[in-house]
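Note sheet for the following structure.
The values are calculated or read from the model by the stated rules, or taken from the named source; none is laboratory data. The structure presented is a predicted model; accordingly, all values stated were derived computationally and were not measured. Positions of Cβ are generated from backbone atoms using ideal geometry, with glycine treated the same way; all protein chains shown enter the neighbour counts.
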Amino acid sequence: MVRGMTTTADGSGLKEALKEKIPEQQERLKALKAKADAKLGDVNLGMLLGGMRGIKGMLWETSLLDADEGIRFRGYSIPECQKLLPAAVEGGEPLPEGLMWLLMTGDIPTQEQVKALSHELIQRSKVPHHVYSVLQALPSDAHPMTQFSSAVMALQPSSHFARAYLDGVHKTKYWEHVYEDTMNLIAKLPEIAAYIYRSNYCGETAVSVRPDPSLDWAANYARMMGYDDEKCWELMRLYQTIHADHEGGNVSAHASHLVGSALSDPYLSFSACLNGLAGPLHGLANQEVLRWLKGVQMELGMDPTKEEIEEFAWKTLKSGKVVPGYGHAVLRKTDPRYTCQREFALKHLPEDPMFKLVSKLYEVVPGVLQQTGKVKNPWPNVDAHSGVLLQHYGITHDNFYTVLFGTSRAIGVLSQLTWSRALGLPIERPKSLTMDWLEKNL
């Protein structure tokens, strides 16, 4: 045991299940290293100047994004996850704990395993009082993501991995301590995020709201925010599941991987993830969608015609802006994360005016974008729908939406971080070039 630290018992069996998987994956990696000279593809100047887009440059085991199929979590598509992962209610949305088990082990968990994992997370969820003191000391106008990242950093002194590294733990044991930090951090995030929500938008500063042991991670998250509608809990389960991971090349995932590769602990790595997610080009997209939709309603009314929507979309494009929520860096078809949210809306809120507007946009906007001849993917992505669902259940403060995204993304990036240490992945160090070098050598 690490000096000065206590380790929570593996009440769910997840750590043992993960431990059993590691030797086989280490052997797979060893075999791949024997092919180190194999070519993965060409790199051209456009890739370098275009933000390294499309360069195959990192190992990320938990998910893979296909341009036509969308994201696959450990080989399972979103529809398959909805069908196979345990749910809280029959026919309901998958529990994020189930996805966490899948990302960690590659296996679909049983209902009993997920229930045990929910219980273990609650056991680990107590947030130290000093974290709330840090939040209360921030300026009242600090953005929720600034608060969230600060709270994660305030937890860092409790890092098992940081202490173990200082104590000289063998590198083959790194993953065990990263796992402990991962579990503790994921367990605490809903309580922290819910406090940020209540203190910012409900005028509450009490820190006494604790998880209900009878509820799952996502339901407790919504309940601690102040939402007792069980349909809202179902939405939270869906939202936290589908936003959890999206390969490793996006800003938030790559930031966590990069910082973690220096053997920074999970708190430092996840804070980097959140800081990247807070950027307008990454995690703020669903806010921009919602504001654009409200602009449509303000100008055209609550029930515009398809012709009016088409004209408004053209007006947006001709002003030099984009239609938010459409297109994706990798996807070339409708994002399955959009599709499952649409199915949720059709089931639970088919008459919602904003949902009806989103449905009309789905019929109109792709055609407009195709007519421009400049758009590779005219189809909606995950952000085109998520804000509308949150608004329906009363979560109307859109500058909090990135916090919701962040709690979800923790499941993916921290699962991968655990695997990165289990596989002994090295520090990242790509080569950079200057324009002088490019001009002389190309």
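Of all residues in the range 261-302, those that are at positive phi and in a helix (DSSP H, G or I) total 0. Of all residues in the range 233-261, those satisfying the criterion of being of a type in the set (A, V, I, L, M) and either without any contact (Cβ under 8 Å) to a residue 60 or more places away in the chain or closer than 25 Å to GLU93 by Cβ (or both) are LEU235, MET236, LEU238, ILE242, ALA244, VAL251, ALA253, ALA255, VAL259. Selection over the range 133-152 of residues that are more than 17 Å from LEU189 (Cβ to Cβ) and outside any loop (DSSP other than H, G, I, E, B) gives a count of 3. A single member of ASP181, ASP141 is of a type in the set (D, E, K, R) and within 24 Å of the chain's Cα centre (by Cα), and it is ASP181.
Residue check: GLU191 meets all listed conditions (1) farther than 20 Å from GLY406 by Cβ; (2) of a type in the set (D, E, K, R); (3) at pLDDT 95 or above but one, namely (1).
When restricted to residues that are assigned to a loop (DSSP other than H, G, I, E, B) and either crowded, with 23+ Cβ neighbours inside 10 Å or among the small types (Gly, Ala, Ser) (or both), the range 185-220 contains 6.
Modelled with pLDDT of 95 or more and either in contact with a Pro (Cβ under 8 Å, 6 or more places away or on another chain) or under 25 Å from ASN275 (Cβ atoms) (or both) - does that describe any residue in the range 377-392? So far as the range 377-392 goes, yes, one or more of its residues are modelled with pLDDT of 95 or more and either in contact with a Pro (Cβ under 8 Å, 6 or more places away or on another chain) or under 25 Å from ASN275 (Cβ atoms) (or both). Before we move on, is ALA87 among the small types (Gly, Ala, Ser), in contact with a Ser or Thr (Cβ under 6 Å, 6 or more places away or on another chain) and either within 30 Å of GLU24 (Cβ to Cβ) or not assigned by TED's automatic domain parsing to the domain that holds TYR197 (or both)? It is false that ALA87 is among the small types (Gly, Ala, Ser), in contact with a Ser or Thr (Cβ under 6 Å, 6 or more places away or on another chain) and either within 30 Å of GLU24 (Cβ to Cβ) or not assigned by TED's automatic domain parsing to the domain that holds TYR197 (or both). In summary, helices (runs of 4 or more DSSP H) completely within the range 14-125 and bearing 2 or more residues that are touching a helix residue (DSSP H, G or I) at 6+ places or on another chain (Cβ under 7 Å) and within 25 Å of ALA219 (Cα to Cα) occur at 14-33, 78-84, 96-105, 111-123. Summed over the range 365-405, residues that are within 26 Å of VAL330 (Cβ to Cβ) and surrounded by fewer than 18 Cβ atoms within 10 Å (Cβ to Cβ) total 8.
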